[in-house]
Structure formats: structure tokens, C-alpha cells
Amino acid sequence: MAEAVKAAGYPMVLNFVIHRHNIHQMPDILDLCERLGADYVELATCQYYGWAFRNREGLMPSLAQLTQAEAEVNEARERLQASGSAMKLIFVTPDYYEERPKACMNGWGSLFLTVAPDGTALPCHSARLLPIDFPKVQSASLKEIWYDSPGFNHYRGDSWMPEPCRSCDEKGKDFGGCRCQAYLLTGDADNADPVCSKSAHHDRILAARRAADHATAGLDDLVYRNVKNSRLFFRS
């Protein structure tokens, strides 16, 4: 398939989901990308929502693993640049190893609208996990959904923000962080994203990092949505 994409003249983007059980294979992954002639490569370490949150102990790499992998990616970037290769490498660090939250979806209801297979309109692909009622495209126009629905207005702007976000001079950049992450880690989506070092719940992120340094969960400890096909993703 990669050969067909290149033969047709399309830019080829490869995306790898990285976790604690394959992060040590970074040199092999990068070698594969070069052999396939990838134009862009996203090395996306797991972000812990949905099923990944449930399996966080078995998926989250240690700081040592992450540092090693990032160094290997940086070395590859330098080598590719020196050789004149146009391949671009994008290494995505897990939110849990940041001190400031990302501007999730560029702010709630400011740019993105996702329509789920059942017609539910969402401001992000994970928002369904929140205790908020979201409209369906079968019963309202996209204009009504975007501008008027309570779901899309719930976390727009900054009037909803409690402290420390409300008075933070960075709220215009990170919008308080991820509402889904705040909900999963604290039980209240109104809270500051615990990834932020200013959050009252940042200790939960620090505890997760410490746990990752000593995690013992193996592949057989992972819980799968589809048990029938579970081994297809990790065994060869």
C-alpha cells in the first residue's frame, strides 16, 4: 500500500501509536519509515482517554523510556537533515509529562465539530464521556448546534473557569486545558487540567509518572475492547 501511495504521487503520512511495550523499537520504526519513503511521520505516544485511560498502567512509558526515544528521534532528525532527506518526524509527548496543558481542540467549540456515527455532534472526539447533553444532527441544523446548543456553549470562553484558571495569564493560550482529562482525573470537568503545575490536582499527574517508573503490567494485563482480536495488535 505504501508503494502504491508513493507511485500515485501522494504525500505519505505514517502514524505510529507509541506505548511502553513498543517504545524501545523506535530505531526499527524509524528505519521502516525511511525504507517506505514516508514524507511525514507522527510518533504519537498514547494520550490517556477512553480505553487507554483504563489501561494506563500498561501503556504509559517511564520517563527513562521517553527520554531515550526522544533522543533517538532527535538523532534521526539530524541525520535526515544532513542527508538532504525531506522526511519530517513529529514526536508527540504524552500530556502527563508536560507542566502546562495543551490548548485542547484550540478551545472548546471554537474550531472543531465532530459528528459521531449516531449523529451526535461533539466539540471533540472524546467529549461524549462528559456528563453533558450534546445535540444530534437529525434534530438540529449545524448552525443551531454550533451557536445555540448548551453542549457547545458549555465551556466556551472563560466565564466558566474557576481558579486558578480564571485569573491565569495563560488562559488565552491553553483555555484551561482538556475538559475530558480534568473529568477523568478529578471527577469534575470544571477543574483545571491536572497536567498544569498550577492545578490543585497536579499531584495525580506526578503520581502517575512515579507509577510508570515502576509499572509491572505486561501485555497480558491489558484490557481490550475486542478480546477476540486482542493479540493481533501486539503479537507477531
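Of all residues in the stretch 190-213, count the ones that are over 17 Å from the mean Cα position of the chain (by Cα) and either modelled with pLDDT under 95 or not polar (S, T, N, Q) (or both).
Here the count works out to 14.
Do we have A64 as of a type in the set (G, A, S), farther than 30 Å from W146 by Cα and touching a residue at least 24 places away in the same chain (Cβ under 8 Å) here?
yes
Residues of the stretch 145-162 being touching a residue at least 12 places away in the same chain (Cβ under 8 Å) and either among the charged types (D, E, K, R) or open to solvent by 50 Å² or more (accessible area, probe 1.4 Å) (or both), which ones?
Result: W146, P150, N153, H154, R156, D158.
Within the stretch 133-236, which helices (runs of 4 or more DSSP H) (wholly inside it) include 3 or more residues that are closer than 30 Å to G119 by Cβ and not β-branched (V, I, T)?
Output list reads 142-148, 150-153, 179-186.
Do you know which of the residues in the stretch 221-231 that are open to solvent by 70 Å² or more (accessible area, probe 1.4 Å) and over 19 Å from S62 (Cα atoms) is modelled with the lowest pLDDT?
The residue in question is R231.
Answer with yes or no whether R100 is open to solvent by 80 Å² or more (accessible area, probe 1.4 Å) and under 20 Å from V13 (Cβ atoms). Steps first, answer last, please.
Working: open to solvent by 80 Å² or more (accessible area, probe 1.4 Å): yes; under 20 Å from V13 (Cβ atoms): no.
Answer is no for this residue.
The values are calculated or read from the model by the stated rules, or taken from the named source; none is laboratory data. Treat the numbers as computed from the prediction; the structure is a model and nothing was measured. Quick reminder, even Gly has a Cβ in these numbers, built from the backbone with ideal geometry, and neighbours come from all protein chains shown. Accessible surface is based on the protein model in full, side chains and every heavy atom, while ligands, DNA and RNA are left aside. Shrake-Rupley method; radii C 1.70, N 1.55, O 1.52, S 1.80 Å.
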